[in-house]
Structure formats: structure tokens, C-alpha cells
Amino acid sequence: MTDYELVIIGGGPAGLAAGISARKNGIERILILERDKELGGILNQCIHNGFGLHTFQEELTGPEYADRYIQEVRKLRIECRLNTMVLDISPERKVTAVNPSDGMFEIQAQAVILAMGCRERPRGALNIPGYRPAGIFSAGTAQRLVNIEGYMPGKEVVILGSGDIGLIMARRMTLEGASVKAVAELMPYSSGLKRNIVQCLDDYGIPLMLSHTVVRIWGKERLEGITLAEVDEKGRPIPGTEEEISCDTLLLSVGLIPENELSKDCGIVLDPSTKGPEVNESLETTSEGIFACGNVLHVHDLVDYVSEEAELAGKYAAQYIKESKASQPVECIKEGKNGQSAVYRKEDKSSRPAELIREIRLIPESGVSYTVPQKISPARMPEQVTVRFRVRSIFHRCSVGVYFGERCIVQKKRLIMAPGEMESIMLSREKLREFPEIKTITIRIEEQMEEA
Amino acid sequence: MYDIVIIGAGVSGCAAARELSRYQADICVLEKEEDVCCGTSKANSGIVHAGYDAKPGTLKAKMNLLGNERMGLLSKELDFPFVRKGSLVVCTAKEELLRLQELYERGVKNGVKGLQILSREETLEMEPNISADVQSALFAPTGGIVCPFSMNIALAENAAVNGVEFHFNTEVRDIQRLEKGFRIETETGSYYAKCVINAAGIYADKLHNMVSGRKLSIIPRKGEYCLLDKNAGKHVSRTIFALPGAYGKGVLVTPTIHGNLLVGPTSVDIENKEGVDTTKEGLQEIAAKAGKNVENLPMREVITSFSGLRAHEESGDFVIGEAEDAPGFFDCAGIESPGLTSAPAVGVLLAELLQKKLNLEESTSYNGSRKGILDPRTLPIKERNKLIAGNPAYGRIICRCESITEGEIIDAARRPLGACSIDGIKRRTRAGMGRCQSGFCLPKVMEILARELQVSQTELTKCGGNSKLLKP
Amino acid sequence: MELHKFICINCPLGCSLQVEVEGADIISISGNTCKRGEVYARNEVTNPVRVVTSTIKVIGGEQGVVSVKTKDPVPKDKIAACMEEIKKITVKAPVHIKDVAAKNIAGTKTEVVVTKEVREI
């Protein structure tokens, strides 16, 4: 078994930024494990531009954005293994993986960063009735076929779901000569960026059908058409509104799910709202020394925020590694029943002073669907902690209220908030220390009083 | 002229082919699809029934019992996954207890071993997620689950290795009786055979009626299913049946052999023999009924739904044997549930009948054992690493949800009767069957399959015919 | 007088912008909530531009196609013409980010540049 200080699972934008940050924070032995044949993750197939405005103050395409990090990883000589699938992570941070050149191998890591990204919800999850012909793809699969493999999946396209991937693919398929007949969206609003609605649909005259869904799939061998229907406010198809559209391709862009099978098997507690690990202010999961960042933690809207979050994860993992070195665990000899003795590591958490263990829960309420992190330790937190969250639906003229216990601390006015956009607020250590008794911080969306 | 032409490469046809490959005979299997296991055999519950359902004295009852008994040995000989997990028929209403008792007695009459009526407490101890309304349950320890694809494919491969020819994409259009034997007209030409086995599933009536005046009538009885994520796979550990009604065994909940949870089927007679579509009503019915016997079913974990057609013959029983007015034409028709369970016995029965008819002699070169696709996960680490060192493709995971390597996919394409479609790869290896439903692995599987078949990716199909995946 | 309508792309508000145009002159801009909306509306009327991103064929590379973009935004009405020309471009591996795959694409004086590394096989 090989030893590394830090093992990062995933070489996409999150993994790369985490690795770079950990190295810059003084960690020498870092290993990035990537399942694909190249670094960069899903960015490689996101060939459109619009990435990096926050990070680099310029508009890059996905592969260009990824390349900036890949070059940095190379420059810093961070070890990466490609074509490598991680099979298991133990709570003791033993990582089991397999690849064609090394076979199956185990690595003992002092810290692990989860950066596995997310996957698309498949058709089955929607349970759309009908046949199961060829021609139904998730939008990301089609994106890979077109942008990496260079193959067109079809000529007459309907897209279900108006998230950004769906919108981007509507334009991409059109540019490649396909006719995109409609983008249908179950909700009364699109979760995609306005910019994408305008530049991917309006520019090409592609209709966006809000409050519509696919209720039937036609064609036994290859898709021949779909039935679209309007839905009521509960998302149920309204009888009599059905409309058949002939098409040979249906692309599904109906949601992303963080890929946490490894985390689950490791016993890490997941947040049912984000479907990602529950983390503290250091982005540390409920399993000590295992951190998470990027889309495996919660689905992000902009890659820039992934990079930002990953940089923090790298920094905190580095801190953790250095701290555990500084306070080498006391090794105790314990007499076994049969007279043999075993060496075990003394739990360090139990010896921490109470103030270090005290954690404040963050509670998403009225209109807020989740927060990341889910808890904060006032003792361990840095000066400022960014809390990211999303809202459940569109809010006009509202405000974000932050409550320490019952007491309103911040009220931030907003003209509009939408579920498609990740929101954030800052919590300062100084402020938190003014309230040593609080157990919870609540974030809620409140209607704003009209000003006279 | 072939000695025997078998029409249909489903589980019954392939079981017959495999059992007949013991003999010196020229045998050919004709299949209208691009692969084996494309009809009813691919879309069912994957259950090995204990045998208490069928009326005593029927062929169904007999074949079920024999098939169940033989399944263990057959699964070892042919290396396909089968586990005897046991099954429970749950009774949730006091007034139905009598019917449960009847079922028990019928089972005993049929010769089912180990049947037991359980108390409410015993049932809940065995399966804590069973409905709190449970009154009693019939426990059948000989019930089991099998991978229907692997079983069908294993039978076919073993038959092929022992000399049986398989002709795919060959739909039978007409059968004529000749003075000696039959002429079978297909899209790709005529076949001549001394004897015919009609294992055409949902179309067995059509074929039978081409040569016989004693008409068969097969009604497609649709069954829809929902397959749940492996996260839900341990919700129950045995097959949980409802008390059977007029239309079969009702909606069941069962773990699958690969650790998913399967819920279904519905049961609706339809007219369209190609109607394997799922319906809004069907999917709603599953959701409504499944919760009756099992509590807190996580229906949010559905990863796919599908539908299959049971070949229900009007008489209600299997129709197996030589047509009275068409000597040499052997039916294997009306094979609805428990058809999968019965297949090992049905194959043997048909082989016996044909052996007598044609006076076949045993082949000296017959080899009844077959090895399945090597699953590296079953190997100890040392051996797995030896395998990868020798063939790095076994270290490259293509389907991340099911952990399927490139080595397995290549094997699936290269072995006898190798896969030639994406669904063929899926049924042989499980690549694409997991929770992302091929979202990630499809482009990679396409690349490997195109390379193996030496065709352009634009030629690849999902399941033969016009099911091309790309439209350049 | 012409009336142009747009949806503003600057934030989720998506204001419905209306621009009155008389010949080459903008008479009025309305519907915007903030200054950014006004600027956007003005640009969309006078000179709407987009960066075009697509793929081109690669010979002898690890990938069959490689992603490209127009180095600068091109006029919106030139997108189709750019795509026509981009589809015809073929490059030989290896290619690097910023490699120029075509110059003066569709007469726009803009280059088409590669946006991804593709190594030789």
C-alpha cells in the first residue's frame, strides 16, 4: 500500500483546483485520481464560451478553462493517474482503485477530497410512458457525442428540460444542422441563465414551452415522435392539451445528481436536499479528514464557484494534514482478550475542548432549499465563511434574512432570486462570537415591504 | 435440409436447442431479431417460481416443478447467476386466509417442497418491510431469482458451441408442409427441415396456424415493471407476491439477482403483438398496488420502466408437443409464467420428443458446460491483478454504475453469438443497466463495439433493425 | 420608426427591453431596470455580436474532432456563414490551444482558434 498525504477523487475542475490549492498550502504528496483518459472532466465537452468571467475576468470555453488548471497542475508537478476508477474509500481514508496499468491498488491517505462531480437524471427517473427506442439521450451524452466524438445523434430534436445544458445543446444541435423543434420545461420558468435563453433559443427561433412536459414516446426502433402536454401548477399533464411532435431525437436535461455512491459506502452522511455530503465550514464531511467540493457537494451554476470552493477544500485539507502531523495521535496499547495487543489511534475529537466541538446548524427555511455548509464551528471558522444556497422558486422584490437563533442579523434586499442561480451570504466570525449561545442560524427568503 | 429448425431464440427455443445439441443432428435456430433474448424472455420478473400456482395436473405445474429442480444444476453447468432466496405470498386480509391455505394445499399437491404457512410475526421477522396489515404468508423456500438474460444467452451459447446454427434477422413469413418435412420461408430465403420447433413466443399461434387446422390463439398479456436503484435493492430480501387473482400473480416486489429492486407486473390483455410500450395507467397502477404488501417502497428510486408481453394461450396451459394434424411440427406455445422457470424442463421435454421422432443418436463431442463472461470483481485481488496485467482492458472501467470493464465488453462481442448491438452488450455485461442508464458509458461502449464489429459508429444499432443510434 | 424587442440577459430578471429606432438613430430605450440593460439594448440594436463555438475535424489525433471558437465575437447575422466555413476546416494533430484554424472567417476579419489540446496518436 502506498501512502499519500492527500488523495483527490476526480480530475475535473473541482479536483484540479483543490490539488493546486493544497500544493500551494504546503502539501507535497498529492495524488489526483481521474476516471477518464484526460483531466478536465465535463468541461472538455462544454465547448461553448462563458466560463471564467469571475476567475479570469475573461470569457473562456470549457476546455480552455480546464486547460488553465491542467497547466498549473503540471507546473506544480502534482501526480495524476488517469483511467483510474476509485472503487472504495474507507472511513480510515484507505482508497481502493483500479486502472489498466497498475491493476487494483490501495492507497492510504491522510486526507481525501471528494470531487467526483455529478450525473444526469435518466429518462427512467421521469417514468415517461412509451416505447424504448434509440434516439433518447441525456443532454450531456449527446454533448459528448457531438463535441468529443464528432457524431450527430439526430436531425429533428425535442429537448425536455430548460436547464443550461438543455439550452446549450439546443444551439449546438442547430448549428450542426439539426432542427430543434421545441424546448419543453415542466416548471413555469426556466432554470437556465437568461443569457442562454436569449443566445441559444431566441437567436435561433427555438420555442421554449414553459409548463410543458413529454407524456408519451413514440417509435419502437428509432424515436419517431413525442407527445407534449401542458401541465397544471402541480406539474400534472392537463388532458386535452396534448400535441404530437415528430422528432427522431429527444434530449433530456432534467436535473443533475451529485455522484455520491462512494461517499455513501464510506458512511458519510448526505444532505437529502443537496444529495451531497453534509459538510462543516471547512468543507469536511461527517467522516474525519474527508472533504468535498464541486458538484459532488452540491450542483453549481457556474464553474467559477466550483473552483473557488475547491480552492477552499484544498486549503482546509492541507490544514488538516498539517494539524494531524503536529499532534501525532497517541498510540495506546490495548490488551486484547486473547492476550494479544492491538495498537489503536486515540480519538482526537474527544480530547478537544468543548468550544472546539460546538457546532451551529444552518437551517434553510421558507424559500431556501439548502445551505452549504450545513454547520459551522465558531471556534474553527476563518474570519469569513461563504454560505451558498439556492431558493426554491422565483422571488421578486424579496430579501434574504439571516437569523442567529431568533434574532435577525442581516436583511439583504433583492430584486429577484431564481432557483437556477446559486446565492450566497457571508458570515463573519466576529459577528458569531457576539452570540456565544446560539445553536442555529436560519436563512429565509422574506417578502419585502413596498416602500412608500 | 436441417433435421430441426427451431423458430425463436428466446429462453424456450434456446433451452430446446441446447438439449438437442446433445444429439447428432443438423439444427438451426431462426430469430427475427438481431440477438437472442429479445422478446418475452428479456422483459419478465426474473423469478424462479416454486410451483404452487399452477393447477395440479397441468403441464405448467409439471414443468414448473421440474424446471425449478433443474435450475440449480443448469446454472452451474452454464455459469449464469441464480439464487434460491425463497418467496412469500402475503395475505393482508383475514377473509383471504382461506385462499392462502388453498394455495398451500395446491403447492403440496404439485409436489413443492418445504412450503410453510407463516404467522404474522414470523413473516415480519423474515421481511420487516412487509405491510403491517399482514395476516399470514405462504413461504416457499425453493423460490428463487435468476438473470433471465444470462440464462437465455448461456443456453444459446452452449447450443452454438455444440453445433447449433443461429440465424438472426430472419423472420419466418410462411411455413409449408412438404411430403417429408417443411419449407420455411423467410425474408432471407427458404429453409428446409424434417421437424420444426415452434418457440415463437407471442407469434407461436401465427406459425402453428400456418400448418395446423387446430388453431391456437395467443393473446399478448402486457406486464409493466419499474426497476429501482440498487439503493433500494435490500428493501426486501425475497420475492414478495400478492395473493394471485384471475390475471396472474399480481404485482410483486423482488430483489433482482444483481441487487436492484423490481416492482410489477401489471396484467392487461392487448391486441398489438408488438405493444411493448409502457403506459401511464400501467405505471400508475404499479405505484398504487406495490405499496399494498410492502411498506415505504422508495418509488423515487425508479431508474427505468419496461414492459413485456406474456404469450397467453386461450387454453391457459402450455402447449408443448407435436401438432396432431401436422406431424413433425412441434409446438412450444403459450409459454407465459412460469415459462422462465420451466425452460430447463421444457428444453428437455422437447429434446426427448424430437429424439424419439427422428431417432437421434447422442453426439460424442457434446460439451454441456459453458463459462460466462468473466467478472473481474469476483476474483481475489491477486488474480484480478494478474488478469489486468495480461489484459489491461480488464482494468479499464467503462460502465461506472455497474463497474463493467472494457475486457468484459470485448468478451461479450467476441464470444460465440457475440453481441452486435448496444442492448446486446447491455444484456450480456450489464453495461448501461445501472443508475445513470448509460448516460456516461454509451459513447464508450459504442466506440468499443464499433471497433469489435469493424463498422463505423454510425452503423451501430440499439437493438437491430432501424434502431440506429446516430443520424449523420 | 421601428420597434425592437429583447430580453435582457444580464440577470435573472430578464427585463423586456424595447428600443425605438428611427433610421440609424435610437429614439428611446425602455423596459430596463438598470443601466446594464440600457447598454445591452443599445448593442443589440446597433451591433449584435456573438462568439461562435463549434468543432472541426482532426486527422491523426486522440480525438476525431477538436473544439474551436471565433477569436472575437462576430456579427449575429454572420453566424450561419461562419458555421458553413467552420464545417469545412480540417486540421492535423497535434493541435494546441490558440492555434489558428482559419483566418478571416466568412469575411468577418476574425480568426477561428483551437480551444483544446489534441495530441497525436
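The values are calculated or read from the model by the stated rules, or taken from the named source; none is laboratory data. Being a predicted model, the structure only gives us computed values, none of them experimental. Glycine also receives a Cβ, built like all others from the backbone with ideal geometry; neighbour counts cover every protein chain displayed.
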(message) For a quick check of your reading: which helices (runs of 4 or more DSSP H) sit entirely within region B:331-417 and have at least 3 residues that are under 24 Å from A:L262 (Cβ atoms)?
(response) B:381-390, B:406-414
(message) Regarding region A:231-253, can at least one residue be identified that is touching a helix residue (DSSP H, G or I) at 6+ places or on another chain (Cβ under 7 Å), surrounded by 23 or more Cβ atoms within 10 Å (Cβ to Cβ), more than 9 Å from chain B (Cβ to nearest Cβ) and assigned to a loop (DSSP other than H, G, I, E, B)?
(response) yes
(request) Look through region B:192-204, keep the residues that are crowded, with 24+ Cβ neighbours inside 10 Å and more than 30 Å from B:Q284 (Cβ to Cβ), and return whichever of them is farthest from the other protein chains (Cβ to nearest Cβ). (result) B:A193
(request) Identify all residues within region B:78-99 that are in a helix (DSSP H, G or I) and touching a residue at least 40 places away in the same chain (Cβ under 8 Å); write none if there are none. (result) B:L78, B:K94, B:E96, B:R99
(request) Determine which member of the set A:E434, A:E447, A:E423, A:E406 is surrounded by fewer than 20 Cβ atoms within 10 Å (Cβ to Cβ) and under 26 Å from C:N10 (Cβ atoms). (result) A:E447
(request) Give the residue, chosen from B:N209, B:N272, B:N198, that is over 26 Å from B:L124 (Cβ atoms) and without any contact (Cβ under 8 Å) to a residue 12 or more places away in the chain. (result) B:N209
(request) Considering only region A:72-122, state which residues are at positive phi and among the polar types (S, T, N, Q). (result) A:N83
(request) Looking only at region C:52-83, count how many residues are under 14 Å from the mean Cα position of the chain (by Cα) and more than 9 Å from chain A (Cβ to nearest Cβ). (result) 10
(request) Mind counting the residues in region A:164-179 that are over 16 Å from C:M83 (Cβ atoms) and either assigned to a loop (DSSP other than H, G, I, E, B) or away from chain C (no Cβ under 14 Å) (or both)? (result) 2
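Of the residues that make up region C:98-112, is at least one within 13 Å of another protein chain (Cβ to nearest Cβ), within 27 Å of A:Y151 (Cβ to Cβ) and touching a residue at least 40 places away in the same chain (Cβ under 8 Å)?
Taking region C:98-112 as the starting set, the residues that turn out to be within 13 Å of another protein chain (Cβ to nearest Cβ) are C:98-99, C:112.
Next cut, within 27 Å of A:Y151 (Cβ to Cβ) only: C:98-99, C:112.
Of the ones still in play, those that are also touching a residue at least 40 places away in the same chain (Cβ under 8 Å) are C:112.
Yes, region C:98-112 has at least one match.
Table: residues versus (1) crowded, with 17+ Cβ neighbours inside 10 Å; (2) modelled with pLDDT under 90; (3) more than 20 Å from A:A292 (Cα to Cα); (4) not acidic (D, E).
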{"site": "A:V391", "(1), (2), (3), (4)": "yes, no, yes, yes"}
{"site": "A:F395", "(1), (2), (3), (4)": "yes, no, yes, yes"}
{"site": "A:K413", "(1), (2), (3), (4)": "no, no, yes, yes"}
{"site": "A:E451", "(1), (2), (3), (4)": "no, yes, yes, no"}
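Being among the aliphatic types (A, V, I, L, M) and away from chain A (no Cβ under 14 Å) is the filter here, so list the residues in region C:7-44 that pass it. Even if it seems obvious, please write down each step before you answer.
From region C:7-44, those among the aliphatic types (A, V, I, L, M) are C:7, C:9, C:13, C:17, C:19, C:21, C:24, C:26-27, C:29, C:39, C:41; that's our starting set.
If the condition is that a residue be among the aliphatic types (A, V, I, L, M) and away from chain A (no Cβ under 14 Å), then C:V19, C:V21, C:A24, C:I26, C:I27, C:I29, C:V39 are the ones that fit.
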(request) Please name all residue pairs, on different chains or six or more residues apart, with Cβ atoms under 9 Å, provided the first residue is in region B:394-407 and is facing another protein chain (nearest Cβ under 7 Å) and the second residue is of a type in the set (S, T, Y) and not in a loop (DSSP other than H, G, I, E, B). (result) B:G395/B:T405; B:R396/B:T405; B:I397/B:T405
(message) For the condition at negative phi, at pLDDT below 90 and of a type outside the set (S, T, Y), what is the one hit in A:E365, A:E383, A:E347?
(response) A:E347
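Among the residues of region A:417-437, which ones are closer than 19 Å to A:D304 by Cα and either assigned to a loop (DSSP other than H, G, I, E, B) or of a type in the set (F, W, Y) (or both)? Quick ask: steps written out before the conclusion?
To start, the set of residues in region A:417-437 that are closer than 19 Å to A:D304 by Cα comprises A:418-426.
Answer for region A:417-437, where residues must be closer than 19 Å to A:D304 by Cα and either assigned to a loop (DSSP other than H, G, I, E, B) or of a type in the set (F, W, Y) (or both): A:A418, A:P419, A:G420, A:E421, A:M422.
Could you list, in sequence order, all residues of region B:164-206 that are assigned to a loop (DSSP other than H, G, I, E, B) and either within 29 Å of B:L74 (Cα to Cα) or not β-branched (V, I, T) (or both)?
In the first step, residues of region B:164-206 are kept if they are assigned to a loop (DSSP other than H, G, I, E, B); the result is B:164, B:168-171, B:178-181, B:187-188, B:199-200.
If the condition is that a residue be assigned to a loop (DSSP other than H, G, I, E, B) and either within 29 Å of B:L74 (Cα to Cα) or not β-branched (V, I, T) (or both), then B:V164, B:F168, B:N169, B:T170, B:E171, B:L178, B:E179, B:K180, B:G181, B:E187, B:A199, B:A200 are the ones that fit.
Identify, from the list B:G439, B:G390, the residue that is small (G, A, S), under 23 Å from A:R121 (Cα atoms) and either more than 27 Å from the chain's Cα centre (by Cα) or not assigned by TED's automatic domain parsing to the domain that holds B:E157 (or both). Break it down into steps so the answer makes sense when it comes.
Working: B:G390 fails: under 23 Å from A:R121 (Cα atoms).
Just one listed residue meets the conditions, B:G439.
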(request) Considering only region A:183-205, state which residues are surrounded by fewer than 22 Cβ atoms within 10 Å (Cβ to Cβ) and away from chain C (no Cβ under 14 Å). (result) A:L186
(request) Could you identify the single residue in B:A311, B:A232, B:A288 that is closer than 22 Å to B:T40 by Cβ and not β-branched (V, I, T)? (result) B:A311
(request) Tell me, yes or no, whether region B:162-170 has at least one residue that is within 14 Å of chain A (Cβ to nearest Cβ), closer than 25 Å to A:Y131 by Cα and at pLDDT 95 or above. (result) yes
(request) Give me a count of the residues in region A:286-309 that are polar (S, T, N, Q) and surrounded by fewer than 24 Cβ atoms within 10 Å (Cβ to Cβ). (result) 2
(message) Condition (residue is out of contact with any Cys (no Cβ under 9 Å at 6 or more places or on another chain), in contact (Cβ under 8 Å) with a residue 24 or more places away in the chain, within 30 Å of B:S365 (Cβ to Cβ) and assigned to a strand (DSSP E or B)) applied to region B:144-163: is it met by at least one residue?
(response) yes
(request) At least 1 residues that are surrounded by 21 or more Cβ atoms within 10 Å (Cβ to Cβ) and within 14 Å of chain B (Cβ to nearest Cβ) in each: list the strands (runs of 3 or more DSSP E) lying fully within region A:1-108 that qualify. (result) A:2-9, A:30-33, A:85-89, A:94-99
(request) Select from region A:388-416 the residues that are more than 11 Å from A:E446 (Cβ to Cβ) and either within 11 Å of chain C (Cβ to nearest Cβ) or part of a strand (DSSP E or B) (or both) and list them in ascending order. (result) A:R388, A:F389, A:R390, A:V391, A:I394, A:H396, A:F404, A:R407, A:I409, A:V410, A:L415, A:I416
(message) Which residue is surrounded by the fewest Cβ atoms within 10 Å (Cβ to Cβ), if the candidates are limited to region B:422-472 and must be among the small types (G, A, S) and facing chain A (nearest Cβ under 7 Å)?
(response) B:G465
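Could you check region A:148-164 and list, in sequence order, the residues that are touching a residue at least 40 places away in the same chain (Cβ under 8 Å) and either small (G, A, S) or in contact with a strand residue (DSSP E or B) (Cβ under 6 Å, 6 or more places away or on another chain) (or both)?
The initial filter retains those residues of region A:148-164 that are touching a residue at least 40 places away in the same chain (Cβ under 8 Å), namely A:148, A:153-164.
Passing the criteria: A:P153, A:G154, A:E156, A:V157, A:V158, A:I159, A:L160, A:G161, A:S162, A:G163.
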